[in-house]
1. Among the residues of segment 90-99, what is the count of those that are free of Cβ contacts under 8 Å to residues at least 40 places away in the same chain and either surrounded by 15 or more Cβ atoms within 10 Å (Cβ to Cβ) or within 12 Å of residue 129 (Cα to Cα) (or both)?
2. Looking at this structure, is residue 87 touching a strand residue (DSSP E or B) at 6+ places or on another chain (Cβ under 8 Å), at pLDDT below 90 and exposed (fewer than 12 other Cβ atoms within 10 Å of the Cβ)?
3. What do you reckon, is residue 52 modelled with pLDDT of 95 or more and farther than 26 Å from residue 140 by Cα?
4. Considering each residue of segment 9-29, count those that are farther than 23 Å from residue 119 by Cα and in contact (Cβ under 8 Å) with a residue 12 or more places away in the chain, and give that number.
5. Test residue 78 against the stated conditions and say whether it is more than 22 Å from residue 16 (Cα to Cα), assigned to a helix (DSSP H, G or I) and modelled with pLDDT under 95.
6. Return only the number of the condition from (1) without any contact (Cβ under 8 Å) to a residue 40 or more places away in the chain; (2) within 21 Å of residue 111 (Cβ to Cβ); (3) surrounded by fewer than 19 Cβ atoms within 10 Å (Cβ to Cβ) that residue 70 does not satisfy.
7. Of all residues in segment 104-132, which are surrounded by fewer than 19 Cβ atoms within 10 Å (Cβ to Cβ) and either within 16 Å of residue 89 (Cβ to Cβ) or touching a residue at least 40 places away in the same chain (Cβ under 8 Å) (or both)?
8. Inspect all residues belonging to segment 34-41 and state whether any of them is farther than 19 Å from residue 137 by Cα, touching a helix residue (DSSP H, G or I) at 6+ places or on another chain (Cβ under 9 Å), modelled with pLDDT under 90 and exposed (fewer than 13 other Cβ atoms within 10 Å of the Cβ).
């Protein structure tokens, strides 16, 4: 156990930032099997994640916090400019990598998953502040182009 962090902590953090085991393995240049071993429940084959794996996740989480805070600030700014709280905030939610890549300069295999993880966290934070949150796939309905894309700043 590294700094008191467990394999469950590792998996939870990886999933929180929206990174698949495949993306983690690609980022580190290791086999997917290695990432699975870092998260296995069976302690016989368990291997502790190396520091560089934790570093990748910690950096992804720091970036995620920055993006989520920025998106929330955008909504709060819009509310101030309008003089009243909008009843509903729409957040872009990506159905797949292809749809995401068509609208972004994507450079990673999990960019769309990470954007969706960000959108979920933005939604939680906005709901906590009293906003009604709706998710839309880009291109779904008329208002979808106005939806906040939590993958950008």
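The values are calculated or read from the model by the stated rules, or taken from the named source; none is laboratory data. The model shown is predicted, which means the values in this text are computed figures rather than measured ones. When we count neighbours, we look across all protein chains shown, and the Cβ atoms used for this are built from the backbone with ideal geometry, even at glycine.
1. The qualifying residues number 1.
2. On the way: touching a strand residue (DSSP E or B) at 6+ places or on another chain (Cβ under 8 Å): yes; at pLDDT below 90: yes; exposed (fewer than 12 other Cβ atoms within 10 Å of the Cβ): yes.
Yes; evaluated as a whole, the condition is true for this residue.
3. On the way: modelled with pLDDT of 95 or more: yes; farther than 26 Å from residue 140 by Cα: yes.
It is true that residue 52 is modelled with pLDDT of 95 or more and farther than 26 Å from residue 140 by Cα.
4. Of the residues in segment 9-29, the ones farther than 23 Å from residue 119 by Cα are 25-26, 28-29.
If we keep only those that are in contact (Cβ under 8 Å) with a residue 12 or more places away in the chain as well, we get 26, 28.
Selection size over segment 9-29: 2.
5. Working: more than 22 Å from residue 16 (Cα to Cα): yes; assigned to a helix (DSSP H, G or I): yes; modelled with pLDDT under 95: yes.
Yes.
6. Only one criterion in (1) without any contact (Cβ under 8 Å) to a residue 40 or more places away in the chain; (2) within 21 Å of residue 111 (Cβ to Cβ); (3) surrounded by fewer than 19 Cβ atoms within 10 Å (Cβ to Cβ) is unmet by residue 70, namely (1).
7. Step one: filter segment 104-132 for residues surrounded by fewer than 19 Cβ atoms within 10 Å (Cβ to Cβ), giving 104-109, 120, 124-125, 127-130, 132.
Scanning segment 104-132 gives 104, 108, 109, 120, 124, 125, 127, 128, 129, 130, 132.
8. yes
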